[in-house]
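To keep things clear, I will list the structure first and then write my remarks on it.
The values are calculated or read from the model by the stated rules, or taken from the named source; none is laboratory data. Bear in mind the structure is a predicted one, so any value in this text is a computation, not a measurement. Cβ coordinates were reconstructed from backbone atoms using ideal geometry, including for glycine residues, and neighbour counts include every protein chain displayed.
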Amino acid sequence: MPETKFDEIAVGRGTDLVTLTRWVLAQQQYVPEATGDLTLLLTSIQFGCKFVASKVKQAGLVNLLGLTGTANVQGEDVKKLDLLANDIFRNALISSGKACVLVSEEDENAMVIQDHNQRGKYIVTFDPLDGSSNIDCGVSIGTIFGIFKVADHENPTEKDLLRNGRELIAAGYCMYGSYCEMILSVGNGVNGFTLDPAIGEFIMTHPDIKLPPRGKIYSINEGNYKHFDEPSRKYVDMVKQKYSARYVGSMVSDIHRTLLYGGIFGYPADAKSKRGKLRILYEVFPMAFLIEQAGGKATTGTMDALDIIPEHIHDRSGIWLGSKEDVEDVEALYKQQQQ
Ligand code: AHM
Ligand code: MG
């Protein structure tokens, strides 16, 4: 018999693609106590995103556009796709066996997984379909999520939910746009993965995203200018002299552009929305976490966004996020006002 010979083969040659699952698995080696639970949870989120991406594409053809005729706890009209996306993510997360409590924009109360054997150690906060007002006209929308750990999965408490954003262990979003992209951070930078619909996998396309320290784009709903406080007005007056304006009206898309091109996105608290519009647990925190992980900054104007402690699961806050120096300009105007 001829002797078996061994050749060495290197990792990362030619057609070698890094899938999201492979990347998440590889991160486990940096965490000695890792159990693989987060990998499984993220796999279920990945599945939910693929499922929603496919439904968003078909929406106009299979009667998924339009309203359900009901309003959510925040008094907003619920779209058919909002409801479907919520159902898809709930089921995906429950079946992962790694979630303990779910907090969704569409559900009034936090949902505890009933079956103790199906409970894991994670709290997932999510907006299943953000940018609802853009659904029916085919403009980019997305899913946003944040992941915390629960202290005791047998007895989750309100304290597990109402905590600051620095305690997030992972956050991300998936954008359903001209391409479908998942942006994820597990606390060691930010990476982007594009869905290849032909093979059904998210492939790493934007490794280690870093925001430039200053951008050239400001993104804010200027239709609210008359309601803005003085620092917000002053800021808009200042940047419009030198920056371009871009505003999609879907937070996921506006943040995606900000991450890739730099600049600033703001939805400040104002006379109309006294506590801001965007929700802390599943819009503000995940996006602030990603922006900080990419070297940017996130503020309410007067404090770091990740230091907020919400008093209720659906609490809102004003928010400015983006390139560090741009956000610092906003902070300086708020400081000036306080003097
Ligand atoms: P939604 O979660 O009901 O879709 O609302 C959140 C959206 C964000 O995506 C976006 O940044 C903001 O609302 C846009 O609000 P407006 O239409 O007031 O500019
Ligand atoms: Mg939303």
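Each row is one residue, and each column tells you yes or no for (1) within 16 Å of ligand 2 (Cβ to nearest atom); (2) on the phi > 0 side of the Ramachandran plot; (3) crowded, with 24+ Cβ neighbours inside 10 Å.
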residue: Ser219; (1), (2), (3): yes, no, yes
residue: Pro231; (1), (2), (3): no, no, no
residue: Ile264; (1), (2), (3): no, no, yes
residue: Asp270; (1), (2), (3): no, no, no
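Criterion first (at pLDDT 95 or above, of a type in the set (A, V, I, L, M), crowded, with 24+ Cβ neighbours inside 10 Å and under 23 Å from Ile123 (Cα atoms)) does Leu306 satisfy it?
Considered against the rule, which asks whether it is at pLDDT 95 or above, of a type in the set (A, V, I, L, M), crowded, with 24+ Cβ neighbours inside 10 Å and under 23 Å from Ile123 (Cα atoms), Leu306 comes out as no.
Would you please name the residue that is nearest to Gly48 (Cα to Cα), looking only at residues in the range 81-139 that are within 12 Å of ligand 1 (Cβ to nearest atom) and of a type in the set (S, T, N, Q)?
Asn86
Taking the criterion of being away from ligand 1 (no atom under 16 Å from the Cβ), at pLDDT below 95, small (Gly, Ala, Ser) and part of a loop (DSSP other than H, G, I, E, B), would at least one residue in the range 176-185 satisfy it?
Checked against the condition, which is being away from ligand 1 (no atom under 16 Å from the Cβ), at pLDDT below 95, small (Gly, Ala, Ser) and part of a loop (DSSP other than H, G, I, E, B), the range 176-185 yields at least one hit.
Might you let me know whether the range 220-238 holds any residue that is within 13 Å of ligand 1 (Cβ to nearest atom), touching a helix residue (DSSP H, G or I) at 6+ places or on another chain (Cβ under 6 Å), polar (S, T, N, Q) and under 24 Å from Lys272 (Cα atoms)?
No, every residue in the range 220-238 fails to be within 13 Å of ligand 1 (Cβ to nearest atom), touching a helix residue (DSSP H, G or I) at 6+ places or on another chain (Cβ under 6 Å), polar (S, T, N, Q) and under 24 Å from Lys272 (Cα atoms).
Yes or no, residue by residue, for (1) within 27 Å of Gly36 (Cβ to Cβ); (2) away from ligand 2 (no atom under 16 Å from the Cβ); (3) touching a Leu at 6+ places or on another chain (Cβ under 6 Å):
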| position | (1), (2), (3) |
| --- | --- |
| Val101 | yes, yes, no |
| Met111 | yes, yes, yes |
| Gly138 | no, yes, no |
| Phe145 | yes, no, no |
